[in-house]
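Q: Sharing a structure here in structure tokens format.
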Amino acid sequence: MRPRILTLANQKGGVGKTTTAINLATALAAIGERVLIIDIDPQGNASTGIGIERDARQYSAYDLMTGDVTIAEAMVKTKVPQLGIIPSTMDLLGLELAIANEKDRAFRLRNALENAGDAGFDDRGLSYILIDCPPSLNLLTINALAAADAVLVPLQCEFFALEGLSQLLQTVEQIKTALNPALYIQGVVMTMYDQRNNLSEQVLSDVKSHMGGLVYDTVIPRNVRLSEAPSYGKPALLYDLNCAGSQAYLRLATEVIKREKKLRAA
Ligand SMILES: Nc1ncnc2c1ncn2[C@@H]1O[C@H](COP(=O)(O)OP(=O)(O)OP(=O)(O)O)[C@@H](O)[C@H]1O
Ligand SMILES: [Mg+2]
């Protein structure tokens with residue numbers, strides 16, 4: 001079966017895209033899915049955070065998007081069983097320029113993912129692909145939205161959370177119209193929720209009233225273990241499985257799977 005392709009996008013910086021990509025992917029793998037992260041952010045935080053050193057990155061998402069390698073060739077294993085990654089390299093900074101005049105410039109990732117069925121850990125192939133985007137609505141993010149089945153939007157529990165969301169939703173609509181009619185929003189995940197802060201609660205209820213059922217029941221708490229883990233090159237679930245952050249990502253994974261099952265059945 002073809003893997004489900006979920007793009008983590010929000011043009012705002014530092015809202016928890018990468019933390020969610022790493023830990024949701026790890027949680028999905030931990031509960032039996034076969035998962036691949038594609039890191040298309042030139043910053044490469046997902047690659048570093050999951051422990052792939054820069055000099056160990058033989059191929060990257062750049063090579064994938066230029067068509068030089070296949071998914072199976074570009075994918076490297078991680079410390080997590082059933083979780084692979086296609087790392088990012090700085091080359092990605094130049095991709096936009098390199099393909100600017102190509103007709104298929106928005107479909108580079110989608111074309112590369114056509115052979116997604118060939119990659120995997122065993123003969124069952126992958127079940128989920130998570131794409132971690134840069135904090136921008138540039139050509140890299142557009143490629144990720146054009147290639148995806150669905151978007152997953154991490155939103156930080158802070159005063160300006162809703163600002164920028166409307167621009168993102170507008171972009172998703174434009175991509176649907178022009179490039180990817182089947183694209184849908186899988187959900188909005190509220191991150192860095194602080195129980196001790198009334199503002200977090202206020203933001204959560206504002207976003208729920210705007211986005212309704214799209215907001216996941218699982219809220220990711222502000223948790224220092226989540227921010228420490230990347231410096232050890234580990235997902236939080238390996239660094240400290242019992243911390244509140246890891247446990248929240250396990251619940252989120254269950255919710256994501258439940259929504260996908262519902263959508264597939266519909
Ligand atoms: N739930 C959390 N609790 C505590 N710290 C967090 C949490 N989620 C993310 N962080 C920290 O906040 C910072 C930004 O998170 P992250 O890198 O995941 O965001 P991002 O949206 O990917 O950023 P960018 O836009 O730069 O790619 C990081 O230092 C990360 O460790
Ligand atoms: Mg990031």
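Q: Tell me, yes or no, whether region 189-196 has at least one residue that is open to solvent by 10 Å² or more (accessible area, probe 1.4 Å), in contact with a strand residue (DSSP E or B) (Cβ under 8 Å, 6 or more places away or on another chain), touching a residue at least 60 places away in the same chain (Cβ under 8 Å) and within 16 Å of ligand 2 (Cβ to nearest atom).
A: yes
Q: Which ones in region 176-198 are among the aliphatic types (A, V, I, L, M) and within 14 Å of ligand 1 (Cβ to nearest atom)?
A: Once the filter is applied, which keeps residues that are among the aliphatic types (A, V, I, L, M) and within 14 Å of ligand 1 (Cβ to nearest atom), region 176-198 yields Val188, Val189, Met190, Met192.
Q: Name the residues in region 30-58 that are more than 19 Å from Leu113 (Cβ to Cβ) and either within 11 Å of ligand 2 (Cβ to nearest atom) or modelled with pLDDT of 95 or more (or both), would you?
A: Ala30, Ile31, Gly32, Pro42, Gln43, Gly44, Asn45, Thr48, Gly49, Ile50, Gly51, Ile52 - these are the residues of region 30-58 that are more than 19 Å from Leu113 (Cβ to Cβ) and either within 11 Å of ligand 2 (Cβ to nearest atom) or modelled with pLDDT of 95 or more (or both).
Q: Among the helices (runs of 4 or more DSSP H) lying completely within region 48-123, list those that include at least 1 residues that are open to solvent by less than 20 Å² (accessible area, probe 1.4 Å) and under 16 Å from Ile142 (Cβ atoms).
A: Because the criterion is at least 1 residues that are open to solvent by less than 20 Å² (accessible area, probe 1.4 Å) and under 16 Å from Ile142 (Cβ atoms), the helices (runs of 4 or more DSSP H) in region 48-123 that meet it are 61-65, 95-99, 108-112.
Q: Surrounded by fewer than 16 Cβ atoms within 10 Å (Cβ to Cβ) and more than 29 Å from Lys261 (Cα to Cα), is that true of Asn138?
A: Yes; evaluated as a whole, the condition is true for this residue.
Q: Taking only region 140-165 into account, find how many residues are in a helix (DSSP H, G or I) and at pLDDT below 95.
A: Summing the residues that are in a helix (DSSP H, G or I) and at pLDDT below 95 in region 140-165 gives 1.
Q: Related question: Of the conditions (1) within 13 Å of ligand 1 (Cβ to nearest atom); (2) over 16 Å from the mean Cα position of the chain (by Cα); (3) modelled with pLDDT under 95, Leu168 satisfies every one except a single condition; which number is it?
A: With respect to (1) within 13 Å of ligand 1 (Cβ to nearest atom); (2) over 16 Å from the mean Cα position of the chain (by Cα); (3) modelled with pLDDT under 95, Leu168 is out only on (2).
Q: Ala229: free of Cβ contacts under 8 Å to residues at least 60 places away in the same chain, small (Gly, Ala, Ser), more than 22 Å from Glu163 (Cα to Cα) and within 13 Å of ligand 1 (Cβ to nearest atom), yes or no?
A: no
Q: Here is a follow-up. For Ala161, only one of the following conditions fails: (1) surrounded by fewer than 19 Cβ atoms within 10 Å (Cβ to Cβ); (2) within 28 Å of Ser205 (Cα to Cα); (3) more than 14 Å from the chain's Cα centre (by Cα). What is its number?
A: (1)
Q: Moving on. Which one of these is part of a helix (DSSP H, G or I), free of Cβ contacts under 8 Å to residues at least 60 places away in the same chain and under 18 Å from Thr19 (Cβ atoms): Ser200, Ser209?
A: Ser200
Q: Could you please find all residues in region 233-258 being in a helix (DSSP H, G or I), in contact (Cβ under 8 Å) with a residue 60 or more places away in the chain and open to solvent by 50 Å² or more (accessible area, probe 1.4 Å)?
A: Result: Leu238, Thr254.
Q: Suppose the filter is assigned to a helix (DSSP H, G or I), surrounded by fewer than 22 Cβ atoms within 10 Å (Cβ to Cβ), at pLDDT 95 or above and more than 16 Å from ligand 2 (Cβ to nearest atom); does Thr177 pass it?
A: Answer is yes for this residue.
Each row is one residue, and each column tells you yes or no for (1) open to solvent by 10 Å² or more (accessible area, probe 1.4 Å); (2) more than 10 Å from ligand 1 (Cβ to nearest atom); (3) outside any strand (DSSP E or B); (4) free of Cβ contacts under 8 Å to residues at least 24 places away in the same chain.
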site: Arg2; (1), (2), (3), (4): yes, yes, yes, no
site: Thr7; (1), (2), (3), (4): no, yes, no, no
site: Gln11; (1), (2), (3), (4): yes, no, yes, no
site: Val15; (1), (2), (3), (4): no, no, yes, no
site: Thr20; (1), (2), (3), (4): no, no, yes, no
site: Asn23; (1), (2), (3), (4): no, no, yes, no
site: Glu33; (1), (2), (3), (4): yes, yes, yes, no
site: Ile37; (1), (2), (3), (4): no, yes, no, no
site: Gln43; (1), (2), (3), (4): yes, no, yes, no
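The values are calculated or read from the model by the stated rules, or taken from the named source; none is laboratory data. All of these numbers come straight from a predicted model, not from anything done at the bench. Please note: Cβ atoms are built from the backbone with ideal geometry, for glycine as well, and neighbour counts cover all protein chains shown. Accessible surface areas use protein heavy atoms only, side chains included; no ligands, DNA or RNA. Shrake-Rupley method; radii C 1.70, N 1.55, O 1.52, S 1.80 Å.
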